[in-house]
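Enquirer: Have a look at this one before I ask anything.
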Amino acid sequence: MSIRRLAVLAGALAALATAAWAEEQAPAGNAKAGQQEYMAIGCWECHGSEGQGGAITGPRLAETKLPYEAFLQQLRVPVSAMPPYEPKILSDTDAANIYAFLKSLPASPSAKDIPLLNE
């Protein structure tokens, strides 16, 4: 195996290990409670009721790949026009529940699985 291939393989393994570690660091949340909180605090207004996002509003959140810590950071200190959700407004427990809700949402179908797009 060439050194270049070995380096690529090592990088891929490191990325997988980092993703697995980040997933383990996410607190256990309640997806049903998270859905209720998501709707109650108005996340749906920009991100859609199923986290589908919008062309002009907020990005897609369904089946998020964001590690929990990055998700929490974006909630607390957003890098966009999103309002900040400080702990006095949204507890860490509520944030973990919303994260669990977003992780529970199904992936979007691929274009080949949408009949209208394949006519």
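Enquirer: Keeping to the range 78-107, report how many residues are open to solvent by 70 Å² or more (accessible area, probe 1.4 Å), farther than 20 Å from E45 by Cβ and not in a helix (DSSP H, G or I).
Expert: Residues in the range 78-107 being open to solvent by 70 Å² or more (accessible area, probe 1.4 Å), farther than 20 Å from E45 by Cβ and not in a helix (DSSP H, G or I): 3 in total.
Enquirer: Next question, about the same structure. Please go through (1) outside any loop (DSSP other than H, G, I, E, B); (2) more than 12 Å from the chain's Cα centre (by Cα) for G54 and return the number of the only condition it doesn't satisfy.
Expert: If we test G54 against (1) outside any loop (DSSP other than H, G, I, E, B); (2) more than 12 Å from the chain's Cα centre (by Cα), just (1) comes out false.
Enquirer: Determine the pairs where a residue that is modelled with pLDDT under 85, located within the range 49-63, has a partner that is buried (at least 17 other Cβ atoms within 10 Å of the Cβ) with Cβ atoms under 6 Å apart, the partner being 6 or more residues away or on another chain.
Expert: Every condition considered, the pairs that remain are E63/L105.
Enquirer: Separate question: Looking only at the range 63-77, which residues are surrounded by fewer than 14 Cβ atoms within 10 Å (Cβ to Cβ) and not β-branched (V, I, T)? Before the answer, list the steps.
Expert: The first filter runs over the range 63-77 and keeps only residues surrounded by fewer than 14 Cβ atoms within 10 Å (Cβ to Cβ), leaving 63, 65, 69-70, 73, 77.
E63, K65, E69, A70, Q73, listed by residue number.
Enquirer: Need the failing condition index for R60 against (1) in contact with a Pro (Cβ under 9 Å, 6 or more places away or on another chain); (2) open to solvent by 30 Å² or more (accessible area, probe 1.4 Å), just the number.
Expert: Unmet condition: (1).
Enquirer: Collect the residues in the range 71-115 that are over 21 Å from E50 (Cα atoms) and of a type in the set (A, V, I, L, M, F, W, C), keeping them in residue-number order.
Expert: Within the range 71-115, V77, V79, I89 qualify.
The values are calculated or read from the model by the stated rules, or taken from the named source; none is laboratory data. Everything numeric here is computed off the predicted structure, so don't read it as measured data. As a convention, Cβ positions derive from the backbone with ideal geometry for all residues, glycine included, and neighbour counts pool all protein chains shown. Each accessible area value is taken on the protein alone, full model and side chains, heavy atoms only, with ligands, DNA and RNA left out. Shrake-Rupley method; radii C 1.70, N 1.55, O 1.52, S 1.80 Å.
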